[in-house]
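Peer 1: Could you have a look at this structure, given as structure tokens, before my questions?
The values are calculated or read from the model by the stated rules, or taken from the named source; none is laboratory data. This structure is a prediction, so every number in the text was calculated from the model and none was measured. Glycine gets a Cβ as well: all are built from the backbone with ideal geometry, and neighbour counts include every protein chain shown. Remember, those area values only see protein heavy atoms, side chains included, never the ligands or the DNA or RNA. Shrake-Rupley method; radii C 1.70, N 1.55, O 1.52, S 1.80 Å.
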Amino acid sequence: MAKDVTKIFNDLIGLSGKFVDSQKGGWDQKAWESFLSDVQKQGLDMRDEMQSSLGSVLESMKKVYTSSISTKNIDSAMSDLTSLTAKFVSDSKGVWDHAQWEKYLKDAQDKGINLTEVTQSYIGGILESAKDLYNFLPTSVQSTSSKSASK
């Protein structure tokens, strides 16, 4: 099950980054509902906690996107950041220390993310909300698997 959760988490963070990119950092309720529907089609139980956590990930990504809009190749930088974030959170199982945070920031900078104090704060928001999402996933995946098995 752990491998499935990690893959689903990585895919979900990737989909979130693509959504923020495609919406250019701004979306309406209809776009949000469409995104949730697409995520549900991936087999996730999108209870209120899960929706809230996913919404926090998107809002944090939006802050980075809008603060980095002048960065050349923002789309590829956001894609790199989402990949880096998914790997960091899943590899650390949602627990990290200051040294790991510093390395993560250096890796983000190496990927072309302009690290101002504000951007670092926003990236911290992405990590914290991604950690919450990561922690919700096992129950969401298990709930969906249980429903499928009982049909």
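Peer 1: Anything over 18 Å Cα to Cα? Flag those among 7/131; 24/63; 87/131; 93/131; 24/93; 30/87, in the order listed.
Peer 2: 24/93; 30/87
Peer 1: Additional query: What is the extension gain from residue 30 to residue 105, computed as 0.36 nm multiplied by their sequence separation minus the C-alpha to C-alpha distance, in nm to one decimal?
Peer 2: Result: 23.6 nm gained on full extension.
Peer 1: Just to be sure I understand the model, the point goes 7 Å from the Cα along the line to the Cβ. What's the resulting residue 49 to residue 135 distance in nm?
Peer 2: Inter-label distance under the simple model: 1.0 nm.
Peer 1: Order these peptides, 30-37, 101-108, by their mean beta-carbon neighbour count within 10 angstrom, highest first.
Peer 2: Ranked by mean Cβ neighbours within 10 Å, highest first: 101-108, 30-37.
Peer 1: Given region 2-102, what whole percent of its Cα pairs are spread farther than 21 Å?
Peer 2: 36
Peer 1: Could I ask something else about it? Per residue, how large is the accessible surface of region 1-141? Use a 1.4 angstrom probe and give square angstrom.
Peer 2: Here the residues of region 1-141 average 52 Å² of exposed surface.
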